[in-house]
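The values are calculated or read from the model by the stated rules, or taken from the named source; none is laboratory data. Computed from a predicted structure; not experimentally measured. Glycine gets a Cβ as well: all are built from the backbone with ideal geometry, and neighbour counts include every protein chain shown. Side chains included, ligands, DNA and RNA excluded: accessible areas come from the protein's heavy atoms. Shrake-Rupley method; radii C 1.70, N 1.55, O 1.52, S 1.80 Å.
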Amino acid sequence: MTALGFRSKNTDPEFVCAFATQCFDRDIVDTSPYQLLASMEEQDKLLAIPSSYMLAARVSLLIRGLARRLGYSDFSCSALWRDEFA
């Protein structure tokens, strides 16, 4: 993620992986994105998110919210997008 422009204070690999999973793939916790970031800041602090990835994160969050509302609790955006970027 750091090669893509994401930066955190300690560059903790677990933090980066959890953040990327929550933003671009699937819900790893049952809280809002803001609550997740607030709780994750105890482990590491996010310093930079490239603006070019904000739309993809937003779309992922919206699609997952819709899927959850329709009863698909284990929905994964990366599984859908995998073939598009292979």
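Hey, got a sec? Which chymotrypsin sites (Phe, Trp or Tyr not before Pro) in the stretch 1-80 land in a DSSP loop and have at most 13 other Cβ atoms within 10 Å?
Tyr72
With a 1.4 Å probe and all protein chains left in place, how much accessible area per residue does the chain have, in Å²?
With all protein chains present, the chain gives 71 Å² per residue.
I need to check one value: relative contact order of the stretch 13-86, counting alpha carbon pairs closer than 8 Å and at least 6 residues apart, in percent.
Once normalised by length, the contact order is 39 percent.
Return the carbon/sulfur percentage of the accessible area of the chain, one whole number, probe 1.4 Å, all protein chains in place.
The nonpolar share, carbon plus sulfur, comes to 57 percent.
Okay, which of the stretch 44-61 sit inside 12 Å, backbone N to the point 7 Å along the Cα-Cβ direction of Asn10?
44-46
At 0.36 nm per residue, and after removing the present C-alpha to C-alpha distance, how many nm does the segment from Ser39 to Tyr72 gain when stretched out fully?
Computed gain between Ser39 and Tyr72 is 9.3 nm.
Using 5 Å bins from zero, what percent of all Cα-Cα pairs in the chain falls into each bin?
That works out to 3, 14, 24, 26, 19, 11, 4, 0, in percent per bin.
How big is the Rg/Rh ratio for the stretch 39-84, C-alpha atoms only, Rh by Kirkwood, two decimals?
Computed over Cα atoms, the ratio is 1.07.
Per-residue counts of other Cβ atoms within 10 Å, averaged by peptide: what ranking do you get for 60-66, 27-33, highest first?
Descending packing order for the listed peptides: 60-66, 27-33.
What angle, in degrees between 0 and 90 and rounded to the nearest 10, separates the Cα long axis of helix 13-24 from the longest principal axis of the Cα atoms of the chain?
With both axes taken from Cα atoms, the answer is about 30 degrees.
Considering only Pro13, Leu61, Gln35, whose Cα is most displaced toward the positive end of the charge dipole of the stretch 1-68, charges sitting on Cβ of Lys, Arg (+1) and Asp, Glu (-1)?
Selected residue: Leu61.
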